Amino acid sequence: MSRKMVLVDTSKCTGCKACTVACKEWNELPAEKTKLVTSYQTMKDFTPNTWTYMTFTEKYEKQKMNWYIRKAQCFHCEEPACLKSCSSNAISKKDSGYVVIDQELCIGCGFCVENCPFGVPKLDKTTKKAYKCTGCIDRVENGLIPSCVATCQPGTLQFGERETLMAEAKKRLAEVQKTHPKARIYGETEMGGTTFVYLLLDDPEVYGLPVNPQTPLSLTLWKDVVRPVGKIAVGGAAAAVVVGVMGNLLRGGYRGKDSDE
């Protein structure tokens, strides 16, 4: 399957939260008690049972209030830190670009939770498993569009081939920048390029997003430097032991006590 993309055009979002309801319904996730966080935002973060929610930011400039709304969910990165950190091979990336967790293999180590630059995966304390947005991979692989996209009324969410939709995103950006000069595309190159790509009206920080999301340096050093060197060192030590034993054997170093001198 070719690489897919979901364009999230925040300039069209009305904050209706229909996408969050669709996600709950399709994935059979239980409802959770919410409370007012700020503005119209009622969820502060992801949970094992909430894989997408809306953020609302009010920004006052030049005696005018601007309202910035964002649908938050897993970005499904091309270079996912969660996959790199997984100690049980429970996380994989599909050809379509979606990053999924196999709960059968998940051991609840929490490394994906700690290393995701967007803070997406969450660990269920009861099941000891990590959960996050699947991108509706079960729908996509069967010719359907993600449930959140299917229910979006104002056309904020669009699903399609990455190259085609990215070109459309850039055309739309040119239009939006006429009234919002700070508008930009977020996700084209971040983390190697993400499956969920945003058209933002302002800087990423305004939406609570990192400006330059990266895989933690500690994880990169451990996976790409320390572990490979450690394996070489262990292999070298083992080889040295084998060579030493063979050499000693050939020299007769393991003769019995009663052997002739």
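The values are calculated or read from the model by the stated rules, or taken from the named source; none is laboratory data. Please read all numbers here as calculations on a predicted model, not as lab measurements. When we count neighbours, we look across all protein chains shown, and the Cβ atoms used for this are built from the backbone with ideal geometry, even at glycine. Please note that ligands, DNA and RNA were not included when accessible areas were found on the heavy atoms of the full protein model with its side chains. Shrake-Rupley method; radii C 1.70, N 1.55, O 1.52, S 1.80 Å.
Data for the structure
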| read-out | value |
| --- | --- |
| Accessible area of the chain divided out per residue, in Å², using a probe of 1.4 angstrom | 56 Å² |
| Theoretical FRET efficiency, 1/(1+(r/R0)^6), r = Cβ-Cβ of Asn89 and Gln153, R0 45 Å, to 0.05 | 0.70 |
| Sparse-neighbourhood loop sites, GluC sites (Glu not before Pro) in the stretch 92-142 - DSSP loop, at most 16 other Cβ within 10 angstrom | Glu104, Glu141 |
| Cα-centre dipole for the chain with unit charges at Cβ (Lys and Arg positive, Asp and Glu negative), debye to 20 | 560 debye |
| Label-point separation in nm, Thr220 to Leu36, each point 7 Å along Cα→Cβ | 4.3 nm |
| Helix 227-250 axis, angle to the chain major axis (alpha carbon atoms, nearest 10°) | 10 degrees |
| Percent carbon-and-sulfur accessible area, the chain, ignoring ligands, DNA and RNA, probe 1.4 Å | 55 percent |
| Glu61-Thr126 pseudo-label distance in nm [points 7 Å out on the Cα-to-Cβ vector] | 4.4 nm |
| Segment Asn142-Cys16, length gained on full extension (0.36 nm per residue, minus Cα span) | 42.6 nm |
| The stretch 213-221 - phi-based ³J(HN,Hα) in whole Hz, Karplus 6.51/-1.76/1.60, Gly and Pro as x | x, 9, 5, x, 4, 4, 5, 4, 4 |
| For Gln41, residues with placed amide H under 5 Å, excluding near neighbours | Phe56 |
| Where trypsin sites (Lys or Arg not before Pro) fall in DSSP loop in the stretch 1-95, at most 11 other Cβ within 10 Å | Lys33, Lys35, Lys62 |
| Between 0 and 90°, nearest 10: helix 162-176 axis offset from the chain longest Cα axis | 40 degrees |
| Virtual spin-label span in nm between Gln177 and Ser2, 7 Å along Cα→Cβ | 2.6 nm |
| Cβ-isolated cysteines (cut-off 4.7 Å), the chain | Cys13, Cys16, Cys23, Cys77, Cys86, Cys106, Cys109, Cys116, Cys136, Cys152 |
